[in-house]
Amino acid sequence: MLTDIVEVKPLEEYRLFLRFDDGTAGEIDMDSIVRFEGVFAPLRDRAVFAQVRVNAELGTIVWPNGADLCADVLHAKITGGKLPGAERAKKAG
């Protein structure tokens, strides 16, 4: 699919508003996607979580500590579409 995120806005309760280059937009609950452990542990601090930015070169969202997420996974979560590689994983299984 290869969609890029072009806009992000931090919202309350670990939610983000995302807009993609294909026009898709919506909110996503990050608490349901990531465990706040490892590289994501600092994001438990709402001030750090709110520092999320779009990295245009990567086409996804990033935080100052280096945490990032796959734009295609986030797109699939918002649209209810298939996750990248899901068909490949089914065939391998």
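Quick check: pseudo-label points 7 Å beyond the Cα along Cα→Cβ at ASP29 and GLU57, how many nm apart are they? Going from the ASP29 label point to the GLU57 one covers 3.5 nm.
Protection proxy ranking for 22-31, 60-69, using the average of other Cβ atoms within 10 Å per residue and placing the highest first: 60-69, 22-31. The calculated FRET efficiency for the pair ASP45 and LYS82, based on their C-beta separation and a Förster distance of 30 Å, comes to about 0.35.
In the chain, the calculated helix contribution to ellipticity at 222 nm averages -5000 deg cm²/dmol per residue, counting -39,500 (n - 2.57) for every DSSP H run with n ≥ 4.
How big is the shadow of the Cα convex hull of the chain, averaged over all directions, in nm²?
6.3 nm²
No value in this document is a laboratory result; all are computed from the given coordinates. Because the structure is a prediction, the values reported are computed rather than measured. All Cβ positions, even for glycine, are placed from backbone atoms using ideal geometry, and neighbour counts span all protein chains on display.
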